[in-house]
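Colleague: What follows is a single structure, and I will ask about it in a moment.
The values are calculated or read from the model by the stated rules, or taken from the named source; none is laboratory data. What you are looking at is a predicted structure, and each value in this text was computed from that prediction instead of being measured. Here the Cβ is made from the backbone with ideal geometry for all residues, glycine too, and neighbour counts use every protein chain on show.
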Amino acid sequence: MLKGNVWKMAALWIFTIPAAVAGTSSPHVWASTAVDAGRYLVVAGGCNDCHTPGWDPSGGKTPLTRWLTGSPVGFEGPWGTTYPANLRLLVQEASEAQWVAMFKGKTPLPQYPMRPPMPWVNVHRLSVRDVRALYVFIRSLGPMGKPAPAYMRPGQLPTTPYIIFVPQQPKASLTNVFP
Ligand code: HEC
């Protein structure tokens, strides 16, 4: 009887240790493969909203073949005009280590500045494991499309369609419509 209990306790100890260790590591997405984790993170993390043309209008039904191919529509603000990068091509030129450095450095890398509205302050907090999963998933899609238009400095007039990302002040006559 006592011997049986000792075995049970030993089994309990062995099987609870990995859970305890996992509990102390930084939070990350669980999935059976890195590709599955990366795909989940891309969707839930909102990457398609900006990096996949037509994602929102299609209700998220854009075929996988066109995911993350970048956008020709710029975001214009005090930082100039930025275009969501073609991530399918970017992961071909950047190594996994560079990708991790892009997200996990103290500040964005000079060659990958992640200017607004790229939510660097948020993605910077992803665990290294999740950042790697993003890379593995995006690479698994293969190269597709062409590079997004080049960044334009403040004051340069974009030659592509662009969204103005500057707070607008309501006209005085409209301010009291919803008191
Ligand atoms: C609100 C729109 C928006 C969202 C959401 C967004 N991005 Fe971006 N992303 C951009 C823009 C714009 C750029 C280009 C920034 C620049 O030129 O400096 C960019 C650039 C990048 C770059 C290249 C770095 C650079 O500066 O060239 C990577 C990598 C990237 N995004 C990954 C992601 C991932 C992964 C997600 C989801 C977790 C995501 N983005 C979500 C808008 C967005």
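Colleague: Looking at 121, 100, which one is surrounded by fewer than 13 Cβ atoms within 10 Å (Cβ to Cβ) and of a type in the set (Val, Ile, Thr)?
Modeller: It is 121.
Colleague: How many residues does the range 61-83 contain that are farther than 16 Å from residue 141 by Cβ and of a type outside the set (Asp, Glu)?
Modeller: 13
Colleague: With the checklist (1) within 11 Å of the ligand (Cβ to nearest atom); (2) closer than 23 Å to residue 26 by Cα; (3) among the hydrophobic types (A, V, I, L, M, F, W, C) in hand, flag the one item residue 128 doesn't pass.
Modeller: (1)
Colleague: Inspect all residues belonging to the range 144-159 and state whether any of them is without any contact (Cβ under 8 Å) to a residue 60 or more places away in the chain, in contact with a Gly (Cβ under 9 Å, 6 or more places away or on another chain) and within 12 Å of the ligand (Cβ to nearest atom).
Modeller: No.
Colleague: Considering every residue within the range 141-156, establish whether at least one is within 23 Å of residue 54 (Cβ to Cβ) and under 16 Å from the mean Cα position of the chain (by Cα).
Modeller: For the range 141-156, residues within 23 Å of residue 54 (Cβ to Cβ) and under 16 Å from the mean Cα position of the chain (by Cα): present.
Colleague: Sticking with this structure for a sec: In this structure, does residue 139 turn out to be within 14 Å of residue 35 (Cβ to Cβ), surrounded by fewer than 18 Cβ atoms within 10 Å (Cβ to Cβ) and either near the ligand (Cβ under 7 Å from one of its atoms) or in contact (Cβ under 8 Å) with a residue 12 or more places away in the chain (or both)?
Modeller: no
Colleague: For the subset of the range 70-110 comprising residues that are hydrophobic (A, V, I, L, M, F, W, C) and farther than 23 Å from residue 39 by Cβ, which member is nearest to the ligand (Cβ to nearest atom)?
Modeller: Out of the qualifying residues, it is 75.
Colleague: Taking the range 23-56 on its own, how many of its residues are more than 15 Å from the ligand (Cβ to nearest atom), of a type in the set (Gly, Ala, Ser) and not in a helix (DSSP H, G or I)?
Modeller: Residues flagged as more than 15 Å from the ligand (Cβ to nearest atom), of a type in the set (Gly, Ala, Ser) and not in a helix (DSSP H, G or I) within the range 23-56 amount to 4.
Colleague: Let me ask you something else. Whether any residue in the range 70-90 is among the small types (Gly, Ala, Ser), modelled with pLDDT of 95 or more and under 18 Å from residue 128 (Cα atoms) is what I want to check.
Modeller: No: the range 70-90 contains no residue that is among the small types (Gly, Ala, Ser), modelled with pLDDT of 95 or more and under 18 Å from residue 128 (Cα atoms).
Colleague: Right, another one. Need a quick list: helices (runs of 4 or more DSSP H) entirely within the range 64-179 having at least 2 residues that are farther than 14 Å from residue 47 by Cβ.
Modeller: In the range 64-179, the matching helices (runs of 4 or more DSSP H) lie at 87-93, 96-104, 128-140.
Colleague: Could you go through the range 113-122 and let me know if any residue there is more than 10 Å from the ligand (Cβ to nearest atom) and either in contact with a His (Cβ under 9 Å, 6 or more places away or on another chain) or under 27 Å from residue 64 (Cβ atoms) (or both).
Modeller: No: zero hits.
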